[in-house]
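Contents: one structure, followed by commentary.
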Amino acid sequence: MPGGSTMWNDLREFLDCLERQGELVTAERQVDTKYEISAGLQRTSELQGPALLFRNVKGYKIPVTGAIFSTRKRVLLALDMTRENYVQRFLKGLENPIPPKISESGPCQEVVLTGDDLDVRKLPNPFHAPRDGGLYITGGVAIAKHPEYGRNASIHRHMIIGRNKLTSLFAPQRHLDIYRRTMEEKGKPLDVAVAIGMDPVIVIASQTTPPRGIYGDELAVAGGLRGEPVELTKCKTIDVEVPSTSEIVIEGRFLPNVRAEEGPFGEAAGYYGSGEEAPVIEVTAITMRRNPIYQAIGSGKPPAEIHGLVAIPKEASFYKHMKQICPTLKAVHFTPGGTTQHHVAVSINQIHKHQAKNVILAALGAGFMVKHVVVVDDDIDIYNPTEIEWAIATRVQADSDVYIFPNIIGGPVDPSRKDNAIVSGMGIDATRPYGEHFAEVVEIPGTKDFELPIAKNERGR
Ligand code: MN
């Protein structure tokens, strides 16, 4: 990361940094792609432990890494941001995109497999959960171009249905699906590349939803976040460019009017999503670096890796929206237990009576698929679940501080939802009544800076 800006050349550089900081451990013992890799990713996510690198994957020569994004700490490390500055710095990157630069060749094409030589099943794709419909690529960034809308980069799940066939599952209104549909309506395929293993900033940027046009390019957002353009290389068999230092690239095209059975899959809500018909990618080439590293992203019951990946981009955009409604907003947090989608905690510095009620209305109506929102005063650390619960326990009377909104639009992956992503919204005003006397909080001077003596078994670590 030269020059102090966020500039990882590739995944490997970030893995080296994680290792130096004790944030990556290498598993030398043999692991099976069936459940064992995903079990490791889930366990370390639950413990908020290190990222993992599996060097010895049974039946495969390619090592697998994962759980890179399992903790907020590592996502911030990838972005070179802190808990204090990430909202402003992330928005700066989002709002000042730097278009990528194209180069003729890149390390991602050191090995090129086409025709009978290509087989996506030869990649160490994990079997994530027992009821899954097949092997899934979960850590691939899908990149495509549209004649009108420009480039798009996003992560979708891809089930492997053959040597050269994948499915892609889309939530409603995802940009890549809109690209694919508009081509399909003309009876045409859409070229798409699925790149696996790259500069982590690109993966994080793929989780943003910039407006369309030049600013709609998530790879330009990655440039904005890095402070330098992302370097892309032209694919061998399709009209798409991919990050030059990607570890593995699957080139292909969405076949018009072709569907295949997809799922079930252990989704980020923590439940299996049922199988359905999904669009199909026909793979035209697999390119890779010499000695590539495969990256998986853990999914499933929170806290899984996927929850760590989506939180920060979402919080930055949500903060910007909410700040316009509540100028005295302090912080927002999509909590992992809320699947980083259904629950948001918001802290405000109250300057009006009943202000929290407006914040609740804005949060539920913001289009972020929020189902439950809790609003607290700015003395509460909303990254600390104990503090949020304490505010609810001591500043809420349910008959007057809880607001229920029947039948609003929610997320598509909530198993308790009513028809068609319809849910009931709830807001909890856990702020102290504005302008009224309230019991004084116990604060012991020196607590924050008190230096605890180091325990014996921690010495020399
Ligand atoms: Mn997009």
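The values are calculated or read from the model by the stated rules, or taken from the named source; none is laboratory data. Worth saying up front: this structure is predicted, and the values here are computed from it rather than measured. Backbone-built Cβ (ideal geometry, glycine too); neighbour counts: all protein chains shown. With ligands, DNA and RNA removed, areas are computed over all heavy atoms of the protein, side chains included. Shrake-Rupley method; radii C 1.70, N 1.55, O 1.52, S 1.80 Å.
How many Å² of accessible area per residue for the stretch 219-371, probe 1.4 Å? Can you show the working numbers first?
Numbers: 5160 Å² over 153 residues.
For the stretch 219-371, the per-residue accessible area is 34 Å².
For the stretch 394-453, report the translational diffusion coefficient in µm²/s to the nearest whole number, using Stokes-Einstein at 25 °C, 0.890 mPa s, and a Kirkwood Rh over Cα pairs. Spell out each step's value before the answer.
Details: Rh = 15.5 Å.
In µm²/s, the coefficient is 158.
Need one number: convex hull volume per residue for the chain, Cα atoms only, in Å³.
162
Is the stretch 56-148 best put as rounded, prolate or oblate by its Cα gyration tensor, with a ≥ b ≥ c the root eigenvalues, rounded for a/c under 1.5, and otherwise prolate when a/b is larger than b/c, oblate when not? Present the calculation step by step, with values, prior to reporting the outcome.
Values: a/c = 2.18, a/b = 1.37, b/c = 1.60.
Oblate.
Quick one: with all protein chains in place, what share of the accessible area of the chain is carbon or sulfur, to the nearest percent (1.4 Å probe)? Working shown, then result.
Numbers: 10860 of 21240 Å².
Ligands and nucleic acids excluded, carbon and sulfur give 51 percent.
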Got the relative contact order for the stretch 100-229 handy, in percent, Cα pairs under 8 Å and 6 or more residues apart?
25
Filtered chymotrypsin sites (Phe, Trp or Tyr not before Pro), the stretch 1-68: DSSP coil and at most 16 other beta carbons within 10 Å:
Tyr35, Tyr60
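Skip the ligands, DNA and RNA, and give the accessible area per residue of the stretch 1-150 with a 1.4 Å probe, whole Å². All intermediate terms of the calculation are to be shown ahead of the outcome.
Working: 7150 Å² over 150 residues.
So the stretch 1-150 comes to 48 Å² accessible per residue, rounded to a whole number.
Once you keep just the Cα pairs under 8 angstrom separated by 6 or more residues, what percentage relative contact order results for the stretch 398-460?
On the way: 43 pairs, mean separation 17.0, N = 63.
Normalised by residue count, the contact order of the stretch 398-460 is 27 percent.
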Kindly provide log₁₀ I(q)/I(0) values, in the same order as q = 0.14 Å⁻¹, from the Debye equation applied to equal alpha-carbon scatterers of the stretch 249-332.
-0.84
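By how many nm would the segment from Leu91 to Ile454 grow when fully extended, if each residue of separation counts as 0.36 nm and the alpha-carbon distance is taken off?
Here the segment from Leu91 to Ile454 would lengthen by 126.8 nm.
Given R₀ = 30 Å, FRET efficiency for Ser103-Arg181 by Cβ-Cβ distance, to 0.05?
Numbers: r = 31 Å, r/R0 = 1.04.
Efficiency, from the Cβ-Cβ distance: 0.45.
Mean residue ellipticity at 222 nm from the helices of the chain, using -39,500 (n - 2.57) per DSSP H segment of n ≥ 4 over the full residue count, to the nearest 500 deg cm²/dmol?
Working: 11 runs with 111 residues, N = 461.
Theoretical 222 nm ellipticity from helices: -7000 deg cm²/dmol.
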What's log10 of I(q)/I(0) for the stretch 330-461 at q = 0.13, 0.16, 0.22 Å⁻¹, Debye sum over Cα points only, no solvent?
-0.62, -0.82, -1.33
Which of Lys92/Lys371; Lys73/Lys418; Lys101/Lys145; Lys145/Lys320; Lys301/Lys448; Lys320/Lys418 have a Cα-Cα distance over 25 Å?
Lys92/Lys371; Lys73/Lys418; Lys145/Lys320; Lys301/Lys448; Lys320/Lys418
For the stretch 85-226, divide the Cα radius of gyration by the Kirkwood radius and give the resulting Rg/Rh value with two decimals.
0.98
Could you check what % of the DSSP bridge pairs in the stretch 1-123 are antiparallel, to the nearest 5?
40
Work out how far the C-alpha atoms of the stretch 154-221 reach from end to end along every principal axis, then list the three figures in whole Å, largest first.
31, 28, 19
Pairwise Cα inverse-distance average, inverted: Kirkwood Rh of the stretch 209-270 (Å):
14.9
Rounded, prolate or oblate: pick one for the stretch 1-155, where a ≥ b ≥ c are the square roots of the eigenvalues of its C-alpha gyration tensor, a/c under 1.5 means rounded, and failing that, prolate if a/b is larger than b/c, else oblate.
oblate
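For a test of the definition: using alpha carbon positions, the gyration tensor, and the 1.5 limit on a/c, classify the stretch 172-300 as rounded, prolate or oblate. If you can, show how the numbers build up before the last one.
Details: a/c = 1.35, a/b = 1.24, b/c = 1.09.
Because its axes are fairly even, with a/c under 1.5, the stretch 172-300 counts as rounded.
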Along the Cα→Cβ direction, 7 angstrom out, place labels at Gln30 and Thr394. What is the inter-label distance in nm?
5.6
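Taking 8 Å as the Cα distance limit and 6 or more residues as the minimum spacing, I'd like the relative contact order of the chain as a percentage. Mind showing how you got there, number by number?
Working: 1052 pairs, mean separation 70.5, N = 461.
Relative contact order for the chain comes out at 15 percent.
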